[in-house]
Amino acid sequence: MTPQMINAAASGTWKLGDLEVNRLGFGAMRLTQDGPAFAAGAAPADRGRAIGVLRRAVELGVNHIDTAAFYFSPLRSANELINTALAPYPDDLVITTKVGPGRSPAGEFLPHATPAQLRGQVEENLRQLGRDHLDVVNLRIVGTDSLAERFGALADLRQAGLIRHLGLSNVRPEHLAEAQAIAPVVCVQNQYGLGALPEQEAFLRSCGEQGVAFVPFYAIAGAGRQDGASGAERAEVLSVARAHGVGPAEIKLAWTLHRGPHVLAIPGTGNPDHLAANVAAGSLRLSAEELALLDGLGPDGA
C-alpha cells in the first residue's frame, strides 16, 4: 500500500478525556509561512496549498490537530486556515490549542499571559476557529514557577463551558502534580525525540502510568526545533529507514509512537507529500532489534 493510501487509524487510538483520537495527528505551526516557523522575513505560505494540506490530512484519517492563536505570520493565521479549510468541522475532529504565550501584531513574543489575560486568549482562539468551545486547551509555560493561578483560571473557564479538557505544555512532573490537584489533565505536550534525556523518558513513563497522553513536539526536528530537521542523520536512523524503504523522518515518528500507547504524534508540514509520508509512519512496526538500536542513541542523537 502506498503512503497516499494509508490512513491515520493505522497508528491506533487514545482518548483525550472522552475524545478519541488517532495517535498520528497534525501540528499546524509550520502552515503559515515558508521556512522556519516564526522566522522574520519569511514568505507567507501559499494559502491554497495550506488549505489543501489540512483537507488532505482529514481525508487521511487525521482527527487531532494541534494549533494556537500565536501561530501566525504576515498574512497567514493557522487558526484561520483551519477554520477556512475544515469548518463545518467533522464530528470526530479534535482541535487542541494552547495559551500562555502572546505575540504582538508584528510577531514579537510578549511576556506570558497573567491569569486575567488567559480568558482573552481563549476567546481569541474561539473566535478564530469559529467554535463555541475548545476541545483541549494546553497551558504552555516557561520556567519552574508555580502554575496554580494560571491553571486555576483555565479550570474556571472549563467549568463555564468554554473548554472541554485541559492539558499542559513545556512542563515538569511537579507542574503536572500541581495542576492535577486543581482539575483533570488529559495531556502533556513536551519536547521529546530520539536521544531523549533520562528525565524526559521518566516523565513520559509517568504520564502513561497516570493515563495522561504524552504528546511530543519537535519529534522529527530534534535539536533543530522550529527551524526543522537539519538534514544530518545518524547512520543508525538511515539504516533502519533503508530497511523499511522510507525516510528518516518516518522512522523517528514510528519510534516515537512505539514509546507507549499513550504517546501521540503531531508532525507538521505544509507539503502534501510529506503529509502522506508522516501519516503512513503510523503504520510502521519496528522490530525489537531496530528499537534497541535507536534506543541506544544518546542525547541529540549522539
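Here are a few things to note about the model shown:
- Single residue of the stretch 188-204 satisfying the filter (surrounded by 14 or more Cβ atoms within 10 Å (Cβ to Cβ) and more than 21 Å from Asp145 (Cβ to Cβ)) that is farthest from the chain's Cα centre (by Cα): Gly195
- Single unsatisfied condition, Gly52 versus (1) closer than 17 Å to Ala277 by Cβ; (2) in contact with a helix residue (DSSP H, G or I) (Cβ under 6 Å, 6 or more places away or on another chain): (2)
- Arg55 being at pLDDT 95 or above, farther than 29 Å from Phe214 by Cβ and in a helix (DSSP H, G or I): no
- Neighbours by Cβ (under 6 Å, 6+ apart or cross-chain): first from the stretch 80-92, touching a residue at least 12 places away in the same chain (Cβ under 8 Å); second surrounded by 13 or more Cβ atoms within 10 Å (Cβ to Cβ) and of a type in the set (Gly, Ala, Ser): Leu81/Ala50; Asn83/Gly130; Ala87/Gly130
- Members of the stretch 22-49 found to be touching a helix residue (DSSP H, G or I) at 6+ places or on another chain (Cβ under 7 Å), in contact (Cβ under 8 Å) with a residue 60 or more places away in the chain and part of a loop (DSSP other than H, G, I, E, B), listed by number: Arg23, Ala28, Pro36, Ala37, Phe38, Ala45
- The residues on offer are Phe72, Phe38, and the sole one that is at positive phi and out of contact with any strand residue (DSSP E or B) (no Cβ under 6 Å at 6 or more places or on another chain) is Phe38.
- Members of the stretch 82-104 that are of a type outside the set (Gly, Ala, Ser), touching a helix residue (DSSP H, G or I) at 6+ places or on another chain (Cβ under 8 Å) and surrounded by fewer than 24 Cβ atoms within 10 Å (Cβ to Cβ): Asn83, Thr84, Leu86, Pro90, Leu93, Ile95
- Filtering Gly296, Gly260, Gly245, Gly268 for residues that are surrounded by fewer than 20 Cβ atoms within 10 Å (Cβ to Cβ), touching a strand residue (DSSP E or B) at 6+ places or on another chain (Cβ under 8 Å) and small (Gly, Ala, Ser) leaves a single hit, Gly260.
Yes/no matrix, rows are residues, columns are (1) among the β-branched types (Val, Ile, Thr); (2) under 22 Å from Asp273 (Cβ atoms); (3) crowded, with 18+ Cβ neighbours inside 10 Å:
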| site | (1), (2), (3) |
| --- | --- |
| Met5 | no, yes, no |
| Gly25 | no, yes, yes |
| Ala37 | no, yes, yes |
| Ala40 | no, no, no |
| Val58 | yes, yes, yes |
| Pro74 | no, no, no |
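- Test: Arg131 is surrounded by 14 or more Cβ atoms within 10 Å (Cβ to Cβ), assigned to a loop (DSSP other than H, G, I, E, B) and more than 19 Å from the chain's Cα centre (by Cα): yes
- Number of the condition not met by Lys15 [criteria: (1) part of a helix (DSSP H, G or I); (2) under 30 Å from Ser146 (Cβ atoms); (3) not aliphatic (A, V, I, L, M)]: (1)
- All told, Asp46 falls short of being of a type in the set (Asp, Glu) and closer than 22 Å to Leu19 by Cα.
- Residue in the stretch 267-276 that is in contact with a Pro (Cβ under 8 Å, 6 or more places away or on another chain) and under 27 Å from Arg205 (Cβ atoms) present: no
- Within the stretch 220-234, none of the residues are farther than 19 Å from Leu197 by Cα, at pLDDT 95 or above and loosely packed, with under 14 Cβ neighbours inside 10 Å.
The values are calculated or read from the model by the stated rules, or taken from the named source; none is laboratory data. None of these values were measured; they are calculated from a predicted model. Cβ: placed from backbone, ideal geometry, glycine included. Neighbour counts: every protein chain shown.
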